[in-house]
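The values are calculated or read from the model by the stated rules, or taken from the named source; none is laboratory data. What you see is a predicted model; the values in this text were computed from it and never measured. Don't worry about glycine lacking a Cβ; one is built from the backbone with ideal geometry, like all the others, and counts go over all protein chains shown. Ligands, DNA and RNA are excluded from the accessible area calculation, which covers all protein heavy atoms including side chains. Shrake-Rupley method; radii C 1.70, N 1.55, O 1.52, S 1.80 Å.
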Amino acid sequence: MRITTPQNDISEVLLSEEQIKQRVKELAKTITEDYKDKMPIVVCVLKGSSFFFVDLCKDIECHINLDFMAVSSYGSSSISSGEIKIKKDLEQDIKGRDVLIVEDIIDSGHTLKKLIALLDERKPKSIKTICLLDKVARRVVDQYADYVGFEIPDEFVVGYGLDFAEYYRNLPYIGILKPEVYE
Ligand code: PRP
């Protein structure tokens, strides 16, 4: 691997730290209002949503439980298939509970659709989804998030939790990766 900095591989900052912070505050306000009497379980889908999850939860002002899950798609690494495998399961029983799934990005929609179906079998009271980024142009299945931070163009974005080959997650903003890095 070339020795460089993650910042050097970004062609454009798509969403700055300030823009993300502001939008996360707005989303948290809406979640606080919608869930004020529900004591929901807020689920972080590792690893991409970790930064968003932490910032969002800190801004939510009602009682919530936190839990963590890791799933992986079968098939090609760049195009998600229709199957997911649980790599790390929730610790809490979601039966009869209001569940809010936190995702960093919805792309084809396969992951979210399968994840909702999987968790729905455990008989929660409700399941809703919040995604920081929505790449609408890439949608393959009819799946949308209940709450969306930003609709973004079909560009290779990294940072604020999103990776390329497990790098760039630690960038504090969301940037477009230079094509020469991944081509
Ligand atoms: C990313 C992202 C979503 C999924 C979205 O996860 O966090 O879970 O892909 O793609 P889809 O809508 O096409 O299914 P990834 O598998 O890259 O894992 P990560 O969160 O650990 O980066």
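From the list Lys125, Lys114, the one residue that fits, being crowded, with 18+ Cβ neighbours inside 10 Å, over 16 Å from Ser49 (Cα atoms) and among the basic types (Lys, Arg), is Lys114.
A quick yes/no check of all residues on (1) over 15 Å from the mean Cα position of the chain (by Cα); (2) open to solvent by 50 Å² or more (accessible area, probe 1.4 Å):
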| residue | (1), (2) |
| --- | --- |
| Ile64 | yes, no |
| Val71 | no, no |
| Ile86 | yes, yes |
| Glu91 | yes, yes |
| Leu118 | yes, no |
| Asp134 | no, no |
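Residue-level check: of (1) touching a strand residue (DSSP E or B) at 6+ places or on another chain (Cβ under 7 Å); (2) more than 22 Å from Leu46 (Cβ to Cβ), Glu183 misses just (1).
Consider segment 140-172 and keep the residues that are open to solvent by less than 40 Å² (accessible area, probe 1.4 Å) and farther than 20 Å from Cys44 by Cβ. The one that is nearest to the ligand (Cβ to nearest atom) is Val141.
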